[in-house]
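Structure below; questions to follow.
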Amino acid sequence: MNLRLNRLTVSIIILSLICLVSGPVSAKSEIVPGGPWISDNQTVNLNAFSSYDELVKSLKQTEKASKGLVELEVIGLTNQGREIYLAKIGDPDKTPVMIQTQQHGNEPIGTESALKVIKALSTGNAAAMKILNELYVLIVVRVNPDGAELWQRENDDPTAPDRRTSRYIYTSGGVGWDINRYHFSDWTDCPLYAWYMTDPVTYPYPENPVPESVAVMTAFLNYQPIWMVDFHGQATYVTDEGENVTSSMLWPTNEDAAAVVDLSKQLCVVMMDQMSQYGFATVNLYPGGPEPGIARNAYGIEGAGSVLVEIKGGIGQKSNGMLVKHAVEQMMAILEATADGSLYMADPDRVEELDIGRTPYYKQIPANGNEDEPTE
Ligand SMILES: [Zn+2]
């Protein structure tokens, strides 16, 4: 398909805008060496990531080889008609847990990690069964396949309006919607609905206009997982010590999600401890807002433990494998800790250890950053 040909190679300039991070901020002058940094002129071969066709083929092969352990469900259709897949692994009578990846099309690492986790669990080997004897593992793989094919943050919707600040419209006008602002179990709770009621011409949204958000929320409500962890990609940051941040995390910060904050923090602590044993990994805190339609908040409001994980997005051949492994380790750690109960022994207050600073590191400062805006 033409789209596929167009995305074979993309300049690092585009990649550096992943999750449109804030600026202007001066880069730290003293950076701990060792990278992996991507060089300014390096092009990134997107063949390292699965195309939609490859993704579907991989999922179907895994399902077929799993002898019934993995079942695929199509939970929705994108505006371009692509099917959104939920991989359901194990016994539906066990405790359900849920992971989602790639709400933002140009943040692909979590999807590659999820494919590896699904494959590992599909073997039904001893390590897999240790998890599957306790848990029903649900993974929405690539929430935003249209955005992935177009290599853009938003979904594909040419009718998306121009963004109006503080109007709860998160879009690129004429391009698409930011899926991660529209997770509502009841659309009438969304500010867009209230504006529709007063001005339906300007805001023609009697229903949620973002099919990907609806698909994930519907699957969540259907299976009622005890937690939902959402994998994204961010730019490159350094800690106060000058260390290269490989992932950042945050729990729900909307006041209606207070009941699940401890469980969410426990998930963070488990992932933090898992990564602390690896020299390549540095994990810190993500600064996110209270908007109710952000998945991290939305699924917390619905009563599930909920975490945002942002994997470092300075993607290049040198670091792809490391970053995919990073998210695999985080996914497996929370599955294992939930299955063996150690999750519930973790001290939630230890998330304080994640507060080790966060300064954007730019080879070039983006011209259009907005420092006040969380970008998850
Ligand atoms: Zn994102």
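The values are calculated or read from the model by the stated rules, or taken from the named source; none is laboratory data. Bear in mind the structure is a predicted one, so any value in this text is a computation, not a measurement. Because the Cβ atoms are built from the backbone with ideal geometry, glycine has one as well, and the counts that use them run over all protein chains shown.
Which residues, taken from the stretch 133-153, are crowded, with 20+ Cβ neighbours inside 10 Å and not in a loop (DSSP other than H, G, I, E, B)?
Step one: list which residues in the stretch 133-153 are crowded, with 20+ Cβ neighbours inside 10 Å, which gives 135, 137-150, 153.
Passing the criteria: Leu135, Val137, Leu138, Ile139, Val140, Val141, Pro145, Asp146, Gly147, Ala148, Glu149, Leu150.
Going through the stretch 171-195 one residue at a time, which ones are at pLDDT 95 or above and either surrounded by fewer than 13 Cβ atoms within 10 Å (Cβ to Cβ) or more than 16 Å from the ligand (Cβ to nearest atom) (or both)?
Within the stretch 171-195, Phe184, Ser185, Asp186, Trp187, Thr188, Asp189, Cys190, Tyr193 qualify.
Among the residues of the stretch 77-106 satisfying the criterion of being among the small types (Gly, Ala, Ser) and over 18 Å from the mean Cα position of the chain (by Cα), which is surrounded by the most Cβ atoms within 10 Å (Cβ to Cβ)? Walk me through it before giving the result.
The initial filter retains those residues of the stretch 77-106 that are among the small types (Gly, Ala, Ser), namely 81, 87, 90, 105.
So of that shortlist, the ones also over 18 Å from the mean Cα position of the chain (by Cα) come out as 81, 90.
Values: Gly81: 7, Gly90: 24.
Step by step, filter the stretch 77-106, then rank; the result is Gly90.
Quick check on this structure: which one of Val238, Val229 is within 21 Å of Arg350 (Cα to Cα), out of contact with any helix residue (DSSP H, G or I) (no Cβ under 6 Å at 6 or more places or on another chain) and within 16 Å of the ligand (Cβ to nearest atom)? So that I can check it myself, show each step before the final result.
Working: Val238 fails: within 16 Å of the ligand (Cβ to nearest atom).
Unique residue meeting the criteria: Val229.
Of the conditions (1) in contact with an Asp or Glu (Cβ under 9 Å, 6 or more places away or on another chain); (2) at pLDDT 95 or above; (3) surrounded by 19 or more Cβ atoms within 10 Å (Cβ to Cβ), Asp340 fails just one. Which one is it?
(3)
Only residues that are farther than 27 Å from Gln266 by Cα and in contact (Cβ under 8 Å) with a residue 24 or more places away in the chain: list them for the stretch 204-214, please.
Looking only at the stretch 204-214, we keep the residues that are farther than 27 Å from Gln266 by Cα, and these are 204-212, 214.
Of everything in the stretch 204-214, those that are farther than 27 Å from Gln266 by Cα and in contact (Cβ under 8 Å) with a residue 24 or more places away in the chain turn out to be Asn208, Pro209, Val210, Pro211, Glu212, Val214.
When residues of the stretch 100-139 are filtered for being aliphatic (A, V, I, L, M), touching a Ser or Thr at 6+ places or on another chain (Cβ under 9 Å) and more than 14 Å from the ligand (Cβ to nearest atom), how many remain? Walk me through it before giving the result.
Initially, the stretch 100-139 is screened for residues aliphatic (A, V, I, L, M), giving 109, 114-115, 117-118, 120-121, 126-129, 131-132, 135, 137-139.
With touching a Ser or Thr at 6+ places or on another chain (Cβ under 9 Å) added as a condition, the list becomes 109, 114-115, 118, 121, 128, 131, 135, 139.
Then keep just the ones that are more than 14 Å from the ligand (Cβ to nearest atom); that gives 114-115, 118, 121, 128, 131, 135, 139.
Adding up the residues that qualify gives 8.
A further question follows. Got at least one residue in the stretch 325-336 being of a type in the set (S, T, N, Q), assigned to a helix (DSSP H, G or I) and either within 12 Å of Thr246 (Cβ to Cβ) or in contact with a helix residue (DSSP H, G or I) (Cβ under 9 Å, 6 or more places away or on another chain) (or both)?
Yes, some residue in the stretch 325-336 is of a type in the set (S, T, N, Q), assigned to a helix (DSSP H, G or I) and either within 12 Å of Thr246 (Cβ to Cβ) or in contact with a helix residue (DSSP H, G or I) (Cβ under 9 Å, 6 or more places away or on another chain) (or both).
While we're here: So Ser319 ticks every box in (1) at pLDDT below 95; (2) surrounded by fewer than 18 Cβ atoms within 10 Å (Cβ to Cβ); (3) of a type in the set (Ser, Thr, Tyr) but one. Which box is left unticked?
Every condition holds for Ser319 apart from (2).
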